[in-house]
Amino acid sequence: MSVFEKLQEIMATALELPASAIKENSTMEAIEEWDSLGHVHIMVALEQAFDLYMDVDDFAELDNVPAILKYLESENVS
């Protein structure tokens, strides 16, 4: 399973959406359920799933799937 597929499942669960609703270019603005509370749910789920510690200051920059994938890559997540 690719990192994107894992992210897709995590985000779908956090936002209570079908995985197919999460695309490789999805943004916070494009997904109604991805509001500020949904964003926190995603960040916490990522920390738990990938055993990461994410600085709250990074949350604001991680508002789209490409940015999250880049962040996960920088953390050597596979």
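Every read-out reported here was derived from the displayed coordinates using simple, explicitly stated rules and does not represent laboratory data. Just so it is clear, the model here is predicted, and its values are computed rather than measured. FYI the Cβ positions are ideal-geometry reconstructions off the backbone, even for glycines, and counts take in every protein chain you see.
Which value in nm describes the separation of the simple spin-label points at Val77 and Ala60, placed 7 Å from the Cα toward the beta carbon?
In this crude spin-label approximation the distance works out to 2.1 nm.
For every other residue with a beta carbon closer than 14 angstrom to the beta carbon of Glu47, add +1 if it is Lys or Arg and -1 if Asp or Glu, then tell me the sum.
Result for the neighbourhood of Glu47: -3.
Computed from the coordinates I sent, Rg/Rh (Cα atoms, Kirkwood Rh) equals one of (i) 1.23; (ii) 1.28; (iii) 0.91. Tell me the label.
(iii)
Compute the distance from the alpha-carbon center of the stretch 1-59 to that of the stretch 64-78, in whole Å.
Centre-to-centre distance over Cα atoms comes out at 11 Å.
State, as an integer percentage, the relative contact order of the stretch 3-74 based on alpha-carbon contacts under 8 Å between residues 6 or more apart.
Across the stretch 3-74, relative contact order equals 35 percent.
Assuming 0.36 nm per residue, please report the length gained on full extension of the stretch Ala67 to Val40 beyond their Cα-Cα distance.
Roughly 8.2 nm would be gained on extension.
Sorting check: for 17-27, 49-59, which peptide has the highest mean count of neighbouring beta carbons within 10 Å, and how do the rest follow?
Taking the mean over residues of other Cβ atoms within 10 Å, the ranking is 17-27, 49-59.
At 222 nm, what helix-only mean residue ellipticity would the chain give, in deg cm²/dmol to the nearest 500, using -39500 (n - 2.57) for each DSSP H run of four or more?
My calculation for the chain gives -16000 deg cm²/dmol from helical runs alone.
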